[in-house]
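**Q** My structure is below; once you've seen it, I'll send some questions.
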Amino acid sequence: EGEETVKEIQFGVKHAEMSKKHNTGNYEQVVYMNITSKEGNCYCVELSASGYRIVGRQYDNISGEDSTKYYETIYAFLDDVSPLYRVCFSDALAEKLKKLE
């Protein structure tokens, strides 16, 4: 699911990748992603059964100050942390609707 998430959000972020440091190949329990928002803010994001949460403010960095705020979807996370993501999402949606005309 993490790899699909990375692909799906490319349009609305500067960069997104699976963490090479914290993912051991056993993606059944928890996966980690490195994301840079359009604003240039870096996040290490954990995906678990509880949802998505910020675990660090640098790539591959799981800080001791784990966030307790979970997001149900990656889109909810991006909508909360990145105003420019909202603009990209709106533009992409408008473009898709235009193609349906």
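**Q** Looking at the range 6-101, which trypsin sites (Lys or Arg not before Pro) are in a loop (DSSP not H, G, I, E or B) and have at most 14 other Cβ atoms within 10 Å? Write out the running numbers ahead of the final one.
**A** On the way: sites: K7, K14, K20, K21, K38, R53, R57, K69, R86, K96, K98, K99; in loops: K20, K21, K38, R57, K69.
Of the trypsin sites (Lys or Arg not before Pro), the ones in loops of the range 6-101 whose Cβ has at most 14 other Cβ atoms within 10 Å are K20, K21, R57, K69.
**Q** With the dipole of the range 2-100 worked out from charges on the C-beta (+1 for Lys and Arg, -1 for Asp and Glu) around the Cα centre, which of S48, L97, S19 lies farthest toward the positive end?
**A** L97
**Q** Could I ask something else about it? Taking 30 Å as R0, compute the FRET efficiency from the Cβ-Cβ separation of D60 and S90 and round it to 0.05. The partial results should precede the final answer.
**A** Numbers: r = 31 Å, r/R0 = 1.04.
E between D60 and S90, to the nearest 0.05, is 0.45.
**Q** Please report the relative contact order for the range 2-100, taking Cα pairs under 8 Å with a sequence separation of at least 6, and give it as a percent rounded to a whole number.
**A** 21
**Q** Ok, one more. Taking the number of other C-beta atoms within 10 Å as the exposure measure, put T36, T68, T73 in order starting with the fewest.
**A** Ordered by Cβ neighbours within 10 Å, fewest first: T68, T73, T36.
Read-outs throughout are calculated quantities, based only on the coordinates presented, and are distinct from any laboratory measurement. For clarity, every value in this text was computed on a predicted model and none was experimentally measured. Glycine gets a Cβ as well: all are built from the backbone with ideal geometry, and neighbour counts include every protein chain shown.
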